[in-house]
Ligand code: FAD
(Lines give C-alpha, C1' and ligand atoms only; values in the text may rest on other atoms or scores of the structure.)
Protein backbone atom coordinates (compact mmCIF):
# COMPACT_ATOMS: atom_id res chain seq x y z
CA UNK A 1 0.00 0.00 0.00
CA UNK A 2 1.41 3.52 -0.88
CA UNK A 3 2.09 6.31 1.70
CA UNK A 4 -0.70 8.52 0.25
CA UNK A 5 -3.40 5.82 0.43
CA UNK A 6 -2.40 4.95 4.03
CA UNK A 7 -2.92 8.59 5.04
CA UNK A 8 -6.28 8.63 3.26
CA UNK A 9 -7.41 5.40 5.00
CA UNK A 10 -6.39 6.91 8.35
CA UNK A 11 -8.40 10.10 7.63
CA UNK A 12 -11.47 8.05 6.74
CA UNK A 13 -11.09 6.06 9.93
CA UNK A 14 -10.97 9.27 12.01
CA UNK A 15 -14.04 10.69 10.30
CA UNK A 16 -15.93 7.42 10.86
CA UNK A 17 -14.92 7.32 14.53
CA UNK A 18 -16.30 10.84 15.18
CA UNK A 19 -19.46 10.01 13.15
CA UNK A 20 -20.11 6.95 15.32
CA UNK A 21 -19.42 8.99 18.48
CA UNK A 22 -22.06 11.57 17.61
CA UNK A 23 -24.32 10.16 14.94
CA UNK A 24 -26.91 12.50 13.35
CA UNK A 25 -30.49 11.80 14.33
CA UNK A 26 -32.37 9.02 12.47
CA UNK A 27 -29.33 7.00 11.42
CA UNK A 28 -30.53 3.35 11.51
CA UNK A 29 -28.90 1.11 14.10
CA UNK A 30 -27.78 -1.38 11.37
CA UNK A 31 -25.79 1.41 9.68
CA UNK A 32 -24.09 2.31 12.94
CA UNK A 33 -23.33 -1.42 13.56
CA UNK A 34 -21.78 -1.75 10.11
CA UNK A 35 -19.67 1.40 10.56
CA UNK A 36 -18.53 0.22 14.00
CA UNK A 37 -17.35 -3.06 12.41
CA UNK A 38 -15.37 -1.11 9.82
CA UNK A 39 -13.67 1.05 12.45
CA UNK A 40 -12.87 -2.00 14.58
CA UNK A 41 -11.29 -3.57 11.51
CA UNK A 42 -8.84 -0.69 11.46
CA UNK A 43 -5.90 -2.88 12.44
CA UNK A 44 -6.64 -5.49 9.79
CA UNK A 45 -4.76 -5.53 6.51
CA UNK A 46 -7.84 -6.57 4.50
CA UNK A 47 -10.42 -3.83 3.81
CA UNK A 48 -14.17 -4.77 4.10
CA UNK A 49 -14.59 -4.26 0.34
CA UNK A 50 -12.31 -7.20 -0.20
CA UNK A 51 -14.67 -9.41 1.77
CA UNK A 52 -17.54 -8.21 -0.38
CA UNK A 53 -15.57 -8.98 -3.55
CA UNK A 54 -14.80 -12.46 -2.29
CA UNK A 55 -18.47 -13.16 -1.62
CA UNK A 56 -19.38 -11.81 -5.07
CA UNK A 57 -16.92 -14.16 -6.73
CA UNK A 58 -17.56 -17.27 -4.69
CA UNK A 59 -18.82 -20.27 -6.68
CA UNK A 60 -21.28 -21.16 -3.90
CA UNK A 61 -24.66 -19.46 -3.58
CA UNK A 62 -24.72 -16.96 -0.70
CA UNK A 63 -27.74 -15.12 0.65
CA UNK A 64 -28.26 -12.79 3.59
CA UNK A 65 -31.76 -12.49 5.00
CA UNK A 66 -33.44 -10.57 7.78
CA UNK A 67 -34.89 -12.54 10.70
CA UNK A 68 -38.04 -13.23 8.65
CA UNK A 69 -35.92 -15.03 6.06
CA UNK A 70 -36.56 -12.24 3.55
CA UNK A 71 -33.64 -11.94 1.19
CA UNK A 72 -31.52 -8.76 1.52
CA UNK A 73 -28.59 -9.91 -0.58
CA UNK A 74 -27.85 -12.75 -3.04
CA UNK A 75 -24.52 -13.20 -4.78
CA UNK A 76 -24.12 -13.88 -8.55
CA UNK A 77 -23.62 -17.62 -7.91
CA UNK A 78 -27.04 -17.63 -6.20
CA UNK A 79 -28.57 -15.93 -9.26
CA UNK A 80 -26.96 -18.43 -11.58
CA UNK A 81 -28.03 -21.43 -9.51
CA UNK A 82 -31.66 -20.39 -9.04
CA UNK A 83 -32.31 -18.58 -12.33
CA UNK A 84 -33.63 -15.47 -10.47
CA UNK A 85 -31.97 -12.05 -10.71
CA UNK A 86 -30.90 -10.28 -7.50
CA UNK A 87 -33.70 -7.70 -8.08
CA UNK A 88 -36.30 -10.50 -8.26
CA UNK A 89 -34.95 -12.04 -5.08
CA UNK A 90 -34.49 -9.07 -2.76
CA UNK A 91 -37.49 -8.71 -0.47
CA UNK A 92 -38.72 -12.26 -1.19
CA UNK A 93 -38.74 -15.02 1.42
CA UNK A 94 -36.19 -17.80 1.00
CA UNK A 95 -39.22 -20.06 0.64
CA UNK A 96 -39.30 -18.89 -2.97
CA UNK A 97 -36.96 -21.82 -3.51
CA UNK A 98 -39.05 -24.26 -1.51
CA UNK A 99 -40.20 -27.44 -3.23
CA UNK A 100 -43.25 -29.13 -1.76
CA UNK A 101 -41.40 -32.46 -1.60
CA UNK A 102 -39.06 -31.44 1.24
CA UNK A 103 -40.61 -32.90 4.43
CA UNK A 104 -41.88 -30.22 6.85
CA UNK A 105 -39.79 -31.83 9.62
CA UNK A 106 -36.63 -30.68 7.81
CA UNK A 107 -37.72 -27.04 7.90
CA UNK A 108 -38.79 -27.41 11.52
CA UNK A 109 -35.32 -28.71 12.37
CA UNK A 110 -33.71 -25.81 10.43
CA UNK A 111 -35.75 -23.21 12.20
CA UNK A 112 -35.43 -24.73 15.64
CA UNK A 113 -31.61 -24.52 15.22
CA UNK A 114 -31.71 -20.90 13.97
CA UNK A 115 -34.12 -19.78 16.71
CA UNK A 116 -31.84 -21.45 19.24
CA UNK A 117 -28.93 -19.37 17.90
CA UNK A 118 -27.21 -22.36 16.24
CA UNK A 119 -26.24 -23.01 12.69
CA UNK A 120 -27.88 -25.81 10.70
CA UNK A 121 -26.63 -27.88 7.76
CA UNK A 122 -28.60 -30.31 5.63
CA UNK A 123 -30.02 -31.12 2.22
CA UNK A 124 -33.25 -29.58 0.85
CA UNK A 125 -35.07 -30.11 -2.40
CA UNK A 126 -35.20 -26.68 -4.05
CA UNK A 127 -36.76 -25.51 -7.26
CA UNK A 128 -35.34 -22.99 -9.74
CA UNK A 129 -37.25 -20.16 -11.36
CA UNK A 130 -38.07 -22.51 -14.28
CA UNK A 131 -39.47 -25.02 -11.72
CA UNK A 132 -36.58 -27.45 -12.30
CA UNK A 133 -35.87 -29.22 -9.01
CA UNK A 134 -32.35 -29.46 -7.59
CA UNK A 135 -30.81 -30.77 -4.40
CA UNK A 136 -29.31 -28.00 -2.27
CA UNK A 137 -26.65 -28.72 0.34
CA UNK A 138 -27.51 -25.80 2.64
CA UNK A 139 -25.80 -24.25 5.65
CA UNK A 140 -27.65 -21.51 7.50
CA UNK A 141 -26.26 -19.52 10.40
CA UNK A 142 -27.53 -16.68 12.58
CA UNK A 143 -25.58 -13.37 12.54
CA UNK A 144 -25.42 -11.55 15.89
CA UNK A 145 -24.98 -7.85 16.65
CA UNK A 146 -22.73 -6.42 19.36
CA UNK A 147 -25.54 -6.92 21.90
CA UNK A 148 -25.68 -10.65 21.06
CA UNK A 149 -29.01 -10.40 19.24
CA UNK A 150 -29.72 -12.15 15.97
CA UNK A 151 -29.99 -9.51 13.28
CA UNK A 152 -29.59 -11.53 10.08
CA UNK A 153 -29.32 -15.02 8.74
CA UNK A 154 -26.60 -16.17 6.40
CA UNK A 155 -27.35 -18.95 3.88
CA UNK A 156 -24.75 -20.84 1.83
CA UNK A 157 -25.79 -23.55 -0.59
CA UNK A 158 -24.41 -25.76 -3.38
CA UNK A 159 -26.21 -27.71 -6.08
CA UNK A 160 -25.44 -31.35 -5.23
CA UNK A 161 -27.96 -32.96 -7.61
CA UNK A 162 -25.35 -34.51 -9.89
CA UNK A 163 -23.01 -35.51 -7.12
CA UNK A 164 -25.86 -37.10 -5.14
CA UNK A 165 -27.09 -38.98 -8.22
CA UNK A 166 -23.54 -40.14 -8.87
CA UNK A 167 -23.10 -41.10 -5.24
CA UNK A 168 -26.39 -43.03 -5.27
CA UNK A 169 -25.36 -44.77 -8.48
CA UNK A 170 -21.99 -45.70 -7.04
CA UNK A 171 -23.61 -46.87 -3.82
CA UNK A 172 -26.22 -48.99 -5.62
CA UNK A 173 -23.57 -50.44 -7.94
CA UNK A 174 -21.35 -51.12 -4.97
CA UNK A 175 -24.23 -52.84 -3.16
CA UNK A 176 -25.02 -54.87 -6.28
CA UNK A 177 -21.37 -55.92 -6.77
CA UNK A 178 -21.06 -56.76 -3.08
CA UNK A 179 -24.21 -58.87 -3.32
CA UNK A 180 -22.99 -60.70 -6.40
CA UNK A 181 -19.56 -61.27 -4.84
CA UNK A 182 -21.12 -62.41 -1.57
CA UNK A 183 -23.49 -64.85 -3.23
CA UNK A 184 -20.88 -66.20 -5.68
CA UNK A 185 -20.24 -69.89 -5.03
CA UNK A 186 -16.50 -69.28 -5.36
CA UNK A 187 -14.13 -67.82 -2.79
CA UNK A 188 -13.13 -64.23 -3.51
CA UNK A 189 -10.61 -62.15 -1.59
CA UNK A 190 -8.75 -58.94 -2.35
CA UNK A 191 -5.25 -58.67 -0.91
CA UNK A 192 -3.51 -55.32 -0.59
CA UNK A 193 0.15 -54.80 -1.48
CA UNK A 194 1.23 -56.13 1.90
CA UNK A 195 -0.77 -59.31 1.43
CA UNK A 196 -3.46 -58.24 3.91
CA UNK A 197 -7.00 -59.35 3.05
CA UNK A 198 -9.06 -56.17 2.64
CA UNK A 199 -12.21 -57.56 0.99
CA UNK A 200 -13.65 -61.06 1.26
CA UNK A 201 -16.94 -62.72 0.34
CA UNK A 202 -19.20 -65.11 2.26
CA UNK A 203 -17.76 -68.32 0.78
CA UNK A 204 -14.31 -67.14 1.86
CA UNK A 205 -15.53 -66.40 5.39
CA UNK A 206 -17.14 -69.85 5.61
CA UNK A 207 -13.86 -71.50 4.60
CA UNK A 208 -12.03 -69.37 7.16
CA UNK A 209 -14.44 -70.70 9.78
CA UNK A 210 -13.79 -74.25 8.59
CA UNK A 211 -10.08 -73.59 8.95
CA UNK A 212 -10.50 -72.52 12.55
CA UNK A 213 -9.82 -68.83 11.85
CA UNK A 214 -6.67 -69.36 9.77
CA UNK A 215 -6.47 -66.96 6.80
CA UNK A 216 -7.18 -69.10 3.68
CA UNK A 217 -5.55 -66.56 1.31
CA UNK A 218 -2.24 -66.78 3.19
CA UNK A 219 -2.21 -70.57 3.11
CA UNK A 220 -3.18 -70.59 -0.57
CA UNK A 221 -0.44 -68.09 -1.43
CA UNK A 222 2.15 -70.09 0.51
CA UNK A 223 1.17 -73.27 -1.38
CA UNK A 224 1.10 -71.41 -4.70
CA UNK A 225 4.55 -69.99 -4.03
CA UNK A 226 5.80 -73.57 -4.30
CA UNK A 227 3.72 -74.33 -7.41
CA UNK A 228 4.53 -71.12 -9.32
CA UNK A 229 8.06 -70.69 -8.01
CA UNK A 230 7.23 -67.08 -7.06
CA UNK A 231 6.38 -65.68 -3.63
CA UNK A 232 3.63 -63.09 -3.17
CA UNK A 233 6.31 -60.37 -3.17
CA UNK A 234 7.81 -61.65 -6.45
CA UNK A 235 4.39 -61.94 -8.09
CA UNK A 236 3.75 -58.33 -7.05
CA UNK A 237 7.06 -57.08 -8.47
CA UNK A 238 6.47 -58.86 -11.78
CA UNK A 239 2.74 -57.95 -11.79
CA UNK A 240 2.28 -61.59 -12.68
CA UNK A 241 -1.25 -63.00 -12.88
CA UNK A 242 -1.91 -66.72 -12.60
CA UNK A 243 -4.70 -69.00 -13.74
CA UNK A 244 -6.22 -72.21 -12.38
CA UNK A 245 -3.41 -73.24 -10.07
CA UNK A 246 -4.48 -76.47 -8.35
CA UNK A 247 -3.84 -76.40 -4.62
CA UNK A 248 -4.67 -78.70 -1.72
CA UNK A 249 -5.23 -77.56 1.82
CA UNK A 250 -5.49 -79.62 4.96
CA UNK A 251 -8.45 -77.87 6.50
CA UNK A 252 -8.58 -79.56 9.86
CA UNK A 253 -8.96 -82.87 11.62
CA UNK A 254 -12.66 -83.24 10.88
CA UNK A 255 -12.69 -81.83 7.36
CA UNK A 256 -9.61 -83.48 5.89
CA UNK A 257 -8.03 -82.34 2.66
CA UNK A 258 -9.80 -79.95 0.28
CA UNK A 259 -8.81 -79.03 -3.26
CA UNK A 260 -9.10 -75.61 -4.94
CA UNK A 261 -8.36 -74.15 -8.30
CA UNK A 262 -7.07 -70.57 -7.84
CA UNK A 263 -6.62 -67.63 -10.17
CA UNK A 264 -5.07 -64.28 -9.27
CA UNK A 265 -5.27 -60.93 -11.08
CA UNK A 266 -3.49 -57.72 -10.09
CA UNK A 267 -5.88 -54.77 -10.13
CA UNK A 268 -5.50 -51.04 -9.32
CA UNK A 269 -6.91 -50.26 -5.89
CA UNK A 270 -5.99 -46.58 -5.33
CA UNK A 271 -8.66 -44.54 -3.59
CA UNK A 272 -6.45 -42.17 -1.60
CA UNK A 273 -6.45 -38.49 -2.69
CA UNK A 274 -2.72 -38.13 -2.03
CA UNK A 275 -2.04 -40.62 -4.83
CA UNK A 276 -4.05 -38.67 -7.42
CA UNK A 277 -1.00 -37.38 -9.29
CA UNK A 278 1.25 -40.40 -8.71
CA UNK A 279 2.44 -42.32 -11.78
CA UNK A 280 2.96 -45.50 -9.82
CA UNK A 281 -0.45 -47.02 -9.11
CA UNK A 282 -1.07 -49.13 -6.04
CA UNK A 283 -2.25 -52.64 -6.78
CA UNK A 284 -4.12 -55.43 -5.06
CA UNK A 285 -4.36 -59.11 -5.86
CA UNK A 286 -7.86 -60.36 -6.62
CA UNK A 287 -7.86 -64.00 -5.62
CA UNK A 288 -10.67 -66.22 -6.95
CA UNK A 289 -10.74 -69.86 -5.89
CA UNK A 290 -13.14 -72.61 -6.95
CA UNK A 291 -13.46 -75.70 -4.80
CA UNK A 292 -12.81 -79.02 -6.57
CA UNK A 293 -12.95 -81.29 -3.54
CA UNK A 294 -15.90 -83.40 -4.78
CA UNK A 295 -14.31 -84.11 -8.15
CA UNK A 296 -10.89 -84.77 -6.63
CA UNK A 297 -12.35 -87.14 -4.02
CA UNK A 298 -14.02 -89.17 -6.80
CA UNK A 299 -10.77 -89.15 -8.72
CA UNK A 300 -8.78 -90.27 -5.67
CA UNK A 301 -11.33 -92.98 -5.01
CA UNK A 302 -11.05 -94.26 -8.58
CA UNK A 303 -7.28 -94.17 -8.24
CA UNK A 304 -7.43 -96.18 -5.01
CA UNK A 305 -9.75 -98.70 -6.65
CA UNK A 306 -7.39 -99.03 -9.58
CA UNK A 307 -4.46 -99.57 -7.24
CA UNK A 308 -6.48 -102.14 -5.31
CA UNK A 309 -7.33 -103.95 -8.55
CA UNK A 310 -3.68 -103.91 -9.58
CA UNK A 311 -2.59 -105.23 -6.21
CA UNK A 312 -5.22 -107.94 -6.31
CA UNK A 313 -3.96 -109.01 -9.72
CA UNK A 314 -0.39 -108.98 -8.51
CA UNK A 315 -1.39 -111.09 -5.51
CA UNK A 316 -3.21 -113.51 -7.78
CA UNK A 317 -0.08 -113.89 -9.94
CA UNK A 318 2.03 -114.43 -6.84
CA UNK A 319 -0.47 -117.03 -5.63
CA UNK A 320 -0.35 -118.91 -8.94
CA UNK A 321 3.47 -118.82 -8.85
CA UNK A 322 3.46 -120.26 -5.34
CA UNK A 323 1.03 -123.03 -6.29
CA UNK A 324 2.90 -123.95 -9.46
CA UNK A 325 6.24 -124.02 -7.56
CA UNK A 326 4.62 -126.24 -4.92
CA UNK A 327 3.17 -128.51 -7.60
CA UNK A 328 6.56 -128.79 -9.32
CA UNK A 329 8.14 -129.73 -6.01
CA UNK A 330 5.42 -132.26 -5.17
CA UNK A 331 5.57 -133.91 -8.60
CA UNK A 332 9.36 -134.09 -8.49
CA UNK A 333 9.32 -137.05 -5.96
CA UNK A 334 7.03 -139.44 -7.91
CA UNK A 335 8.80 -138.48 -11.17
CA UNK A 336 12.20 -139.34 -9.67
CA UNK A 337 10.85 -142.75 -8.62
CA UNK A 338 9.38 -143.39 -12.10
CA UNK A 339 12.78 -142.54 -13.64
CA UNK A 340 14.54 -144.90 -11.21
CA UNK A 341 12.08 -147.77 -12.02
CA UNK A 342 12.42 -147.21 -15.78
CA UNK A 343 16.24 -147.26 -15.43
CA UNK A 344 16.04 -150.55 -13.47
CA UNK A 345 13.86 -152.03 -16.21
CA UNK A 346 16.25 -150.82 -18.91
CA UNK A 347 19.19 -152.40 -17.14
CA UNK A 348 17.19 -155.59 -16.40
CA UNK A 349 18.00 -155.35 -12.72
CA UNK A 350 15.59 -156.20 -9.92
CA UNK A 351 12.75 -158.72 -9.96
CA UNK A 352 9.18 -157.87 -11.04
CA UNK A 353 7.99 -157.94 -7.41
CA UNK A 354 10.46 -155.20 -6.39
CA UNK A 355 9.42 -153.24 -9.49
CA UNK A 356 5.78 -153.59 -8.45
CA UNK A 357 6.86 -152.29 -5.00
CA UNK A 358 8.49 -149.25 -6.62
CA UNK A 359 5.38 -148.58 -8.72
CA UNK A 360 3.22 -148.79 -5.58
CA UNK A 361 5.53 -146.24 -3.90
CA UNK A 362 5.18 -144.02 -7.00
CA UNK A 363 1.39 -144.36 -6.77
CA UNK A 364 1.41 -143.49 -3.03
CA UNK A 365 3.79 -140.54 -3.53
CA UNK A 366 1.60 -139.28 -6.42
CA UNK A 367 -1.56 -139.58 -4.27
CA UNK A 368 0.12 -137.73 -1.36
CA UNK A 369 1.30 -135.02 -3.75
CA UNK A 370 -2.24 -134.60 -5.13
CA UNK A 371 -3.74 -134.45 -1.63
CA UNK A 372 -1.18 -131.83 -0.57
CA UNK A 373 -1.90 -129.77 -3.68
CA UNK A 374 -5.65 -129.97 -3.06
CA UNK A 375 -5.12 -128.90 0.56
CA UNK A 376 -3.11 -125.90 -0.68
CA UNK A 377 -5.92 -124.71 -2.92
CA UNK A 378 -6.91 -121.26 -1.51
CA UNK A 379 -10.56 -120.44 -0.86
CA UNK A 380 -12.00 -118.03 -3.35
CA UNK A 381 -12.07 -114.46 -1.99
CA UNK A 382 -15.59 -113.59 -0.88
CA UNK A 383 -16.59 -110.29 -2.43
CA UNK A 384 -20.00 -108.77 -1.77
CA UNK A 385 -22.22 -108.17 -4.76
CA UNK A 386 -23.56 -104.71 -5.47
CA UNK A 387 -24.98 -102.60 -8.31
CA UNK A 388 -22.22 -101.95 -10.82
CA UNK A 389 -22.13 -99.47 -13.67
CA UNK A 390 -20.51 -101.32 -16.62
CA UNK A 391 -19.18 -98.08 -18.14
CA UNK A 392 -17.47 -97.19 -14.89
CA UNK A 393 -15.74 -100.57 -14.69
CA UNK A 394 -14.45 -100.30 -18.26
CA UNK A 395 -13.36 -96.69 -17.70
CA UNK A 396 -11.42 -97.64 -14.54
CA UNK A 397 -9.59 -100.45 -16.34
CA UNK A 398 -8.81 -98.14 -19.25
CA UNK A 399 -7.29 -95.72 -16.71
CA UNK A 400 -5.26 -98.53 -15.19
CA UNK A 401 -4.10 -99.68 -18.65
CA UNK A 402 -3.42 -96.15 -19.88
CA UNK A 403 0.39 -96.35 -19.52
CA UNK A 404 0.66 -99.65 -21.34
CA UNK A 405 -1.64 -98.53 -24.17
CA UNK A 406 0.40 -95.35 -24.58
CA UNK A 407 3.71 -97.21 -24.45
CA UNK A 408 2.57 -99.69 -27.03
CA UNK A 409 1.12 -97.01 -29.28
CA UNK A 410 -2.41 -98.41 -29.29
CA UNK A 411 -5.38 -96.19 -30.05
CA UNK A 412 -8.48 -96.89 -27.97
CA UNK A 413 -11.84 -96.17 -29.52
CA UNK A 414 -14.10 -96.07 -26.43
CA UNK A 415 -17.80 -95.91 -27.36
CA UNK A 416 -19.92 -96.24 -24.22
CA UNK A 417 -23.71 -95.89 -24.33
CA UNK A 418 -23.97 -92.84 -22.03
CA UNK A 419 -26.78 -94.12 -19.80
CA UNK A 420 -26.81 -97.82 -19.05
CA UNK A 421 -28.78 -99.83 -16.48
CA UNK A 422 -26.64 -101.31 -13.73
CA UNK A 423 -25.79 -104.96 -13.32
CA UNK A 424 -25.54 -106.60 -9.93
CA UNK A 425 -22.17 -108.20 -9.45
CA UNK A 426 -18.78 -108.39 -7.79
CA UNK A 427 -16.94 -105.29 -8.96
CA UNK A 428 -13.40 -106.63 -8.52
CA UNK A 429 -14.19 -109.89 -10.32
CA UNK A 430 -15.73 -107.86 -13.17
CA UNK A 431 -12.70 -105.54 -13.23
CA UNK A 432 -10.36 -108.51 -13.41
CA UNK A 433 -12.47 -109.96 -16.29
CA UNK A 434 -12.29 -106.73 -18.31
CA UNK A 435 -8.56 -106.36 -17.54
CA UNK A 436 -7.84 -109.86 -18.91
CA UNK A 437 -9.77 -109.11 -22.11
CA UNK A 438 -8.05 -105.73 -22.66
CA UNK A 439 -4.66 -107.33 -21.99
CA UNK A 440 -5.52 -110.06 -24.50
CA UNK A 441 -6.49 -107.42 -27.07
CA UNK A 442 -3.14 -105.66 -26.58
CA UNK A 443 -1.25 -108.97 -26.85
CA UNK A 444 -3.17 -109.81 -30.03
CA UNK A 445 -2.23 -106.45 -31.59
CA UNK A 446 1.42 -107.26 -30.84
CA UNK A 447 1.13 -110.63 -32.68
CA UNK A 448 2.35 -111.08 -36.28
CA UNK A 449 -0.46 -110.46 -38.77
CA UNK A 450 -2.06 -107.55 -36.85
CA UNK A 451 -3.74 -105.21 -39.35
CA UNK A 452 -3.69 -102.06 -37.22
CA UNK A 453 -3.09 -100.88 -33.62
CA UNK A 454 -6.62 -100.13 -32.48
CA UNK A 455 -8.75 -101.42 -29.65
CA UNK A 456 -12.49 -100.73 -29.88
CA UNK A 457 -14.63 -100.97 -26.76
CA UNK A 458 -18.40 -100.58 -26.93
CA UNK A 459 -21.08 -100.91 -24.26
CA UNK A 460 -24.79 -101.17 -25.00
CA UNK A 461 -28.08 -102.46 -23.63
CA UNK A 462 -30.05 -105.01 -25.61
CA UNK A 463 -33.81 -105.47 -25.82
CA UNK A 464 -33.68 -108.67 -23.78
CA UNK A 465 -32.37 -106.89 -20.65
CA UNK A 466 -28.75 -107.70 -21.20
CA UNK A 467 -25.71 -105.43 -21.18
CA UNK A 468 -23.17 -106.10 -23.89
CA UNK A 469 -19.53 -105.16 -23.53
CA UNK A 470 -17.68 -105.59 -26.81
CA UNK A 471 -13.90 -105.60 -26.96
CA UNK A 472 -12.50 -105.81 -30.49
CA UNK A 473 -8.85 -105.74 -31.48
CA UNK A 474 -7.03 -105.45 -34.79
CA UNK A 475 -4.79 -108.45 -34.17
CA UNK A 476 -4.55 -111.48 -36.49
CA UNK A 477 -7.89 -112.88 -35.23
CA UNK A 478 -8.57 -116.23 -33.52
CA UNK A 479 -8.27 -119.40 -35.65
CA UNK A 480 -11.49 -121.45 -35.64
CA UNK A 481 -9.76 -124.50 -34.15
CA UNK A 482 -8.56 -122.52 -31.08
CA UNK A 483 -11.95 -121.04 -30.18
CA UNK A 484 -12.76 -123.87 -27.79
CA UNK A 485 -9.22 -124.54 -26.62
CA UNK A 486 -8.67 -120.98 -25.39
CA UNK A 487 -10.98 -121.66 -22.43
CA UNK A 488 -8.85 -124.57 -21.25
CA UNK A 489 -6.57 -123.69 -18.33
CA UNK A 490 -2.91 -123.17 -19.28
CA UNK A 491 -3.64 -123.00 -23.01
CA UNK A 492 -1.26 -120.42 -24.56
CA UNK A 493 -1.66 -119.56 -28.24
CA UNK A 494 0.56 -116.45 -28.39
CA UNK A 495 3.68 -116.66 -30.46
CA UNK A 496 5.24 -113.49 -29.08
CA UNK A 497 4.15 -113.37 -25.47
CA UNK A 498 6.10 -116.14 -23.79
CA UNK A 499 5.34 -115.58 -20.13
CA UNK A 500 1.62 -116.16 -20.23
CA UNK A 501 -0.04 -118.46 -17.72
CA UNK A 502 -2.92 -119.24 -20.05
CA UNK A 503 -5.40 -118.58 -17.24
CA UNK A 504 -6.99 -115.34 -18.52
CA UNK A 505 -9.92 -116.69 -20.55
CA UNK A 506 -10.71 -119.49 -18.05
CA UNK A 507 -10.98 -116.77 -15.36
CA UNK A 508 -13.18 -114.68 -17.69
CA UNK A 509 -15.40 -117.73 -18.24
CA UNK A 510 -15.63 -118.34 -14.50
CA UNK A 511 -16.60 -114.70 -13.73
CA UNK A 512 -19.26 -114.83 -16.45
CA UNK A 513 -20.65 -118.06 -15.04
CA UNK A 514 -20.86 -116.45 -11.59
CA UNK A 515 -22.76 -113.49 -13.04
CA UNK A 516 -25.09 -115.46 -15.31
CA UNK A 517 -23.40 -114.03 -18.39
CA UNK A 518 -21.99 -115.44 -21.60
CA UNK A 519 -19.26 -114.73 -24.15
CA UNK A 520 -19.21 -114.83 -27.90
CA UNK A 521 -16.09 -114.74 -30.07
CA UNK A 522 -16.39 -113.46 -33.65
CA UNK A 523 -14.40 -111.56 -36.24
CA UNK A 524 -13.60 -107.96 -35.22
CA UNK A 525 -14.82 -104.74 -36.84
CA UNK A 526 -11.58 -104.47 -38.83
CA UNK A 527 -10.55 -108.13 -38.92
CA UNK A 528 -9.00 -109.20 -35.61
CA UNK A 529 -11.00 -110.70 -32.80
CA UNK A 530 -14.25 -109.40 -31.34
CA UNK A 531 -15.33 -110.61 -27.91
CA UNK A 532 -18.92 -109.86 -26.93
CA UNK A 533 -19.74 -110.25 -23.24
CA UNK A 534 -23.41 -110.41 -22.24
CA UNK A 535 -24.42 -109.76 -18.64
CA UNK A 536 -27.96 -109.64 -17.26
CA UNK A 537 -29.34 -106.28 -16.09
CA UNK A 538 -30.34 -105.68 -12.46
CA UNK A 539 -30.29 -107.99 -9.44
CA UNK A 540 -30.10 -111.75 -9.94
CA UNK A 541 -32.43 -114.02 -8.02
CA UNK A 542 -29.94 -116.74 -7.21
CA UNK A 543 -26.23 -116.64 -6.70
CA UNK A 544 -23.71 -119.43 -6.81
CA UNK A 545 -22.05 -118.39 -3.60
P1 FAD B 1 -43.38 -22.60 5.90
O2 FAD B 1 -44.75 -22.87 6.35
O3 FAD B 1 -42.96 -21.22 5.64
O4 FAD B 1 -42.36 -23.24 6.86
C5 FAD B 1 -42.40 -24.59 7.25
C6 FAD B 1 -42.06 -24.70 8.73
O7 FAD B 1 -40.81 -24.04 9.00
C8 FAD B 1 -43.09 -23.96 9.58
O9 FAD B 1 -44.15 -24.83 9.95
C10 FAD B 1 -42.28 -23.52 10.76
O11 FAD B 1 -42.17 -24.58 11.69
C12 FAD B 1 -40.88 -23.29 10.20
N13 FAD B 1 -40.70 -21.85 9.94
C14 FAD B 1 -40.82 -21.24 8.75
N15 FAD B 1 -40.48 -19.97 8.85
C16 FAD B 1 -40.16 -19.76 10.13
C17 FAD B 1 -39.75 -18.64 10.85
N18 FAD B 1 -39.57 -17.44 10.27
N19 FAD B 1 -39.50 -18.80 12.14
C20 FAD B 1 -39.67 -19.97 12.76
N21 FAD B 1 -40.05 -21.08 12.13
C22 FAD B 1 -40.30 -20.95 10.84
N23 FAD B 1 -35.89 -23.01 2.29
C24 FAD B 1 -35.79 -23.70 1.13
O25 FAD B 1 -36.74 -24.39 0.78
N26 FAD B 1 -34.70 -23.56 0.36
C27 FAD B 1 -33.63 -22.78 0.68
O28 FAD B 1 -32.66 -22.73 -0.04
C29 FAD B 1 -33.69 -22.06 1.87
N30 FAD B 1 -32.68 -21.28 2.28
C31 FAD B 1 -32.81 -20.53 3.44
C32 FAD B 1 -31.78 -19.66 3.80
C33 FAD B 1 -31.88 -18.91 4.95
C34 FAD B 1 -30.78 -17.93 5.33
C35 FAD B 1 -33.02 -19.03 5.80
C36 FAD B 1 -33.11 -18.23 7.05
C37 FAD B 1 -34.03 -19.90 5.44
C38 FAD B 1 -33.94 -20.67 4.27
N39 FAD B 1 -34.98 -21.55 3.89
C40 FAD B 1 -34.86 -22.22 2.70
C41 FAD B 1 -36.14 -21.77 4.75
C42 FAD B 1 -37.35 -20.94 4.27
O43 FAD B 1 -37.28 -19.70 4.83
C44 FAD B 1 -38.70 -21.58 4.59
O45 FAD B 1 -38.76 -21.81 5.95
C46 FAD B 1 -38.87 -22.91 3.86
O47 FAD B 1 -38.64 -22.72 2.49
C48 FAD B 1 -40.29 -23.45 4.04
O49 FAD B 1 -41.20 -22.57 3.54
P50 FAD B 1 -42.67 -22.94 3.25
O51 FAD B 1 -43.37 -21.75 2.76
O52 FAD B 1 -42.72 -24.18 2.34
O53 FAD B 1 -43.23 -23.43 4.61
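At-a-glance table
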read-out: Any hit, the stretch 407-414, residues being farther than 30 Å from residue 386 by Cα, at pLDDT 90 or above, out of contact with any helix residue (DSSP H, G or I) (no Cβ under 6 Å at 6 or more places or on another chain) and part of a helix (DSSP H, G or I); value: yes
read-out: The stretch 118-155: number of residues that are more than 53 Å from the chain's Cα centre (by Cα), near the ligand (Cβ under 10 Å from one of its atoms), within 21 Å of residue 81 (Cα to Cα) and touching a residue at least 40 places away in the same chain (Cβ under 8 Å); value: 3
read-out: Verdict on residue 397 being within 17 Å of residue 520 (Cα to Cα), crowded, with 16+ Cβ neighbours inside 10 Å and touching a residue at least 60 places away in the same chain (Cβ under 8 Å); value: no
read-out: Pairs where the first residue, in the stretch 105-117, is near the ligand (Cβ under 9 Å from one of its atoms) and the second is part of a helix (DSSP H, G or I), C-beta under 9 Å, 6+ apart; value: 107/95
read-out: In the stretch 437-463, the residues that are part of a helix (DSSP H, G or I), more than 15 Å from residue 521 (Cα to Cα) and in contact with a helix residue (DSSP H, G or I) (Cβ under 8 Å, 6 or more places away or on another chain); value: 439, 442
read-out: Some residue of the stretch 93-102 being surrounded by fewer than 14 Cβ atoms within 10 Å (Cβ to Cβ) and more than 15 Å from the ligand (Cβ to nearest atom); value: no
read-out: Subset of the stretch 55-77 [closer than 12 Å to residue 154 by Cβ and either away from the ligand (no atom under 13 Å from the Cβ) or crowded, with 20+ Cβ neighbours inside 10 Å (or both)]; value: 55, 61, 63, 65, 71, 74, 75
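The values are calculated or read from the model by the stated rules, or taken from the named source; none is laboratory data. Nothing here was measured: the structure is a model prediction, and the numbers come from that model. So basically every Cβ, Gly included, is an ideal-geometry build from the backbone, and we count neighbours across all protein chains shown.
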